[in-house]
Amino acid sequence: KVSKEYGTTNVITAPEIAGYETPASQTIAWDSVTAKTITFTYKPISYSVTIVCNGGSGVASTSYTIETETFTLGTPVREGYTFTGWTGDNGSVPQTTVTIEKGSTGARNYFANWETNNVTYNIEYKSTSGVELGTETVEKEFGTTNTIVAPEKAGYETPASQTIAWDSVTAKTI
C-alpha cells in the first residue's frame with residue numbers, strides 16, 4: 001500500500017523479487033480520491049543448466065526459471081564406462097541423482113563422472129592346423145591396449161606376441 005498527497009505525481013518503484021526481472025518504475029498521478037491499483041508485471045529470469053557429459057551422451061544442457069516444475073538430471077551413457085554421478089554446483093563428490101527444485105534460482109554447471117569398465121576377452125591358442133592348445137580368459141580395462149604373449153607349448157613354435165586394443169564392451173575371442 002502506497003499513500004501520497006492528492007494532486008501530486010510520483011514515481012513508484014517495483015520491489016525486487018528473487019528470480020524475477022524487476023519491472024520499470026511507473027510515474028503515477030495522484031488524481032483520484034478513491035484507491036488505485038498499480039500493477040507491476042514480473043518476468044521470470046531464465047537460468048542456464050550447463051551439462052558436460054565428458055565423452056558421454058544422452059543429457060543436454062537446458063534452462064529453467066523460478067517457476068519451472070522440479071526436475072532431475074538424466075543419466076548419461078558412455079560405451080565402456082559406468083556413470084558414477086554429477087559434480088559441479090552440487091559439490092565435488094559425484095551424485096547420481098541431482099534435482100533442481102521449483103523455486104530455485106541461479107545458473108548451474110554439472111559434469112559427468114565415469115569409471116572405466118573391465119572387459120573380459122577369451123584367448124584361444126591353436127596350432128596352424130587347427131589343433132586346440134588351450135584357452136585363457138583375460139580381463140583388462142576398457143580402452144586400453146595390451147600385449148598378449150602366447151605361452152610356450154611343447155612341440156610347437158611360439159607365435160609372436162599380439163598387441164590388442166580392449167575396445168569392445170562385449171566379450172571377444174582372440
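The values are calculated or read from the model by the stated rules, or taken from the named source; none is laboratory data. For clarity, every value in this text was computed on a predicted model and none was experimentally measured. Here Cβ is always computed from backbone atoms with ideal geometry, including for glycine, and neighbour counts include all displayed protein chains. With ligands, DNA and RNA removed, areas are computed over all heavy atoms of the protein, side chains included. Shrake-Rupley method; radii C 1.70, N 1.55, O 1.52, S 1.80 Å.
Taking amide H positions as modeled 1.01 Å from N, with prolines and chain starts lacking one, the residues under 5 Å from Y20 and 5 or more places away or on another chain are I45. Once the Cα-Cα distance is subtracted from the 0.36 nm per residue extended length, the Q162 to E115 segment shows a gain of 14.3 nm.
Computed about its Cα centre, the charge dipole of the chain is approximately 660 debye, with only Lys, Arg, Asp and Glu carrying charge at their Cβ. Can you give me the accessible area per residue for the chain, using a 1.4 Å probe, in Å²? Heavy-atom accessible area per residue stands at 65 Å². Average the reciprocal distances over every distinct pair of alpha-carbons in the chain, invert the result, and give the Kirkwood radius in Å. Here the Kirkwood hydrodynamic radius works out to 22.5 Å. The relative contact order of region 40-116 comes to 37 percent, based on Cα pairs under 8 Å that sit 6 or more residues apart. Computed 3J(HN,Hα) for region 116-123, one whole-Hz value per residue from the Karplus formula 6.51 cos²θ - 1.76 cosθ + 1.60 where θ = phi - 60°, is 6, 7, 8, 10, 9, 10, 9, 10, glycine and proline marked x. Quick one: Debye curve from the C-alpha atoms of region 1-101, no solvent, what's log10 I(q)/I(0) at q = 0.14, 0.20, 0.21, 0.22 Å⁻¹? With no solvent term, the Cα-only Debye profile gives -0.69, -1.03, -1.09, -1.14. Each Cα pair of region 59-135 feeds into the Kirkwood radius, which the Stokes-Einstein equation turns, at 20 °C and 1.002 mPa s, into a diffusion coefficient of 135 µm²/s.
Full extension from T37 to E132: what is 0.36 nm times the residue separation minus their Cα-Cα distance, to one decimal in nm?
Difference between extended and current length: 25.0 nm.
Here region 90-174 is assigned +1 on the Cβ of each Lys and Arg and -1 on the Cβ of each Asp and Glu. Its dipole about the Cα centre then comes out at about 380 debye. Summing charges over all other residues whose Cβ lies under 15 Å from the Cβ of A112, with Lys and Arg as +1 and Asp and Glu as -1, gives -1. For region 34-81, the calculated P(r) over all alpha carbon pairs, in 10 Å bins from 0 to the bin holding the longest distance, is 20, 32, 21, 12, 8, 5, 2, 0 percent. Look at the alpha carbon pairs under 8 Å that are at least 6 residues apart: their mean separation over the length of the chain gives a relative contact order of 16 percent.
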